[in-house]
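Read the structure below first, then the notes.
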Amino acid sequence: NLSTVSEFVFVGLSDVPEIRLLLFVLFLLIYLATMAGNITLLIAISTDSHLHTPMYFFLANLSLLDLSCPTIIVPKMLGALLLEHKEISFSGCLFQHFSLIAVVGTEIFLLTVMAYDRYVAVCHPLRYPSIMSTKLCAQLAMGTWATGFLNSLLHTSLVFTLSFCGPNKIQQYYCDIPPVLALSCSSTHSRELVILLVAGVLGSGACVVTVVSYIYILLEILAGNSPGIWHKALSTCGSHLTVVCLFYGTTICTYVRPSSTYSPQWDRVVSMLYGMLTPLLNPIIYSLRNKEVKCALKRVISQLT
């Protein structure tokens with residue numbers, strides 16, 4: 001007497017109308033601020049010739065990802081808070097899941113490429129223009145997007161080819177891997193192992209490249225005795241290192257663990273960090289710590305006003 005699930009229902013963040021309205025206003029403001037910050041950064045990078053360099057090219061790609069991530073999950077969440085429309089079709093859940101994992105995966109690989117870019121800038125400054133050519137930058141950017149989408153295709157196919165025939169309430173406000181796996185009436189053990197293996201290999205590989213890049217940067221700084229080298233290195237790498245720590249910390253807490261340790265309440269909090277706050281903070285971090293970006297933003301604002 002088992003029937004196939006045709007739609008899922010999100011468990012709301014709160015059942016109290018006053019709290020739902022407060023959360024709606026809060027998340028709407030965060031979403032609008034995220035859109036404004038990343039769009040402004042994109043405009044500054046595209047219109048200011050001083051920012052037409054490899055570092056800002058990759059930063060523009062990061063802003064595109066930071067626009068996409070909250071756009072995938074926030075509108076549906078706002079609708080659930082305001083209208084109590086918590087249902088999502090099976091195909092809609094699949095598409096949301098695929099898009100989100102693609103964006104998260106692409107951002108991991110993009111941050112790795114940005115770490116390599118910082119390594120070349122600090123350790124090989126004279127050869128930087130020839131190494132980080134326009135062609136190589138385009139190939140690296142395309143490679144990160146392609147790898148992210150292929151990784152998401154594998155994860156989505158492993159999750160959504162399972163049988164769903166029982167409860168359909170997702171203990172989350174969007175379609176994520178752990179809460180969707182928890183609803184399957186099939187055995188998920190083997191697929192969880194594959195997901196963890198693939199994510200572990202790709203994630204650890206990206207992490208190793210990032211760590212090694214910064215080890216070489218640190219060794220280069222320690223080997224040089226020129227005055228102001230620490231300040232120069234911090235201004236060159238500080239923003240990226242801050243973003244890397246923030247992003248890796250939240251995604252590891254969410255994904256790199258078996259589903260037996262899944263905690264809905266904890267995951268909602270952590271997923272808000274990388275799904276909403278990280279895209280909001282990234283343009284702020286790069287703007288506050290970078291004189292070139294601040295000058296470009298001032299020129300953009302002056303032109304608009």
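The values are calculated or read from the model by the stated rules, or taken from the named source; none is laboratory data. Source: prediction; values computed, not measured. All Cβ positions, even for glycine, are placed from backbone atoms using ideal geometry, and neighbour counts span all protein chains on display. All accessible areas refer to the heavy atoms of the entire protein, side chains included, with ligands and DNA or RNA removed. Shrake-Rupley method; radii C 1.70, N 1.55, O 1.52, S 1.80 Å.
When each of the peptides 138-149, 194-205 is scored by how many other beta carbons lie within 10 Å of its residues on average, the order from highest to lowest is 138-149, 194-205. Applying a DSSP loop filter and a limit of 13 other Cβ atoms within 10 Å to the trypsin sites (Lys or Arg not before Pro) in the stretch 103-182 leaves Arg127. Straight-line reach only, C-alpha to C-alpha below 29 angstrom: list the lysines that Lys135 could link to, leaving out same-chain residues fewer than 8 apart. Of all the lysines, those that pass the test against Lys135 - Cα under 29 Å, at least 8 places apart if same chain - are Lys232, Lys291, Lys294.
Extension gain, Ser89 to Lys294: 0.36 nm times the residue separation minus the Cα-Cα distance gives 69.4 nm. Within the chain, which complete DSSP H helices have Cα atoms spanning at least 27 Å along the helix axis and a mean Kyte-Doolittle hydropathy of 1.6 or higher? What comes out of the filter, once short or polar helices are dropped, is 17-47, 189-223.
Heavy-atom surface analysis with a 1.4 Å probe gives the stretch 7-304 a carbon and sulfur content of 72 percent of its accessible area. Bridging of Lys76 to lysines at a Cα separation below 29 Å is possible for Lys86, Lys169, once same-chain residues fewer than 8 apart are set aside.
With contacts taken as Cα pairs under 8 Å and at least 6 residues apart, the chain reaches a relative contact order of 28 percent. Distance from the Cα centroid of the stretch 186-210 to that of the stretch 5-37 is 30 Å (rounded to whole angstrom).
Given +1 at the Cβ of Lys and Arg, -1 at the Cβ of Asp and Glu and no other charges, the dipole of the chain around its Cα centre is 660 debye to the nearest 20.
Within the assembled protein chains, the solvent-accessible surface assigned to His85 is about 100 Å², based on a 1.4 Å probe.
Excluding ligands, DNA and RNA, the accessible surface per residue across the chain is 49 Å² with a 1.4 Å probe. Dividing the summed -39500 (n - 2.57) terms of all DSSP H runs of n ≥ 4 by the residue count of the chain sets its mean residue ellipticity at 222 nm at -25500 deg cm²/dmol. Taking the dipole about the Cα centre of the chain, with the C-beta of Lys and Arg at +1 and of Asp and Glu at -1, give me whichever of Tyr286, Pro17, Thr188 is farthest to the positive side. Highest projection toward the positive end goes to Tyr286.
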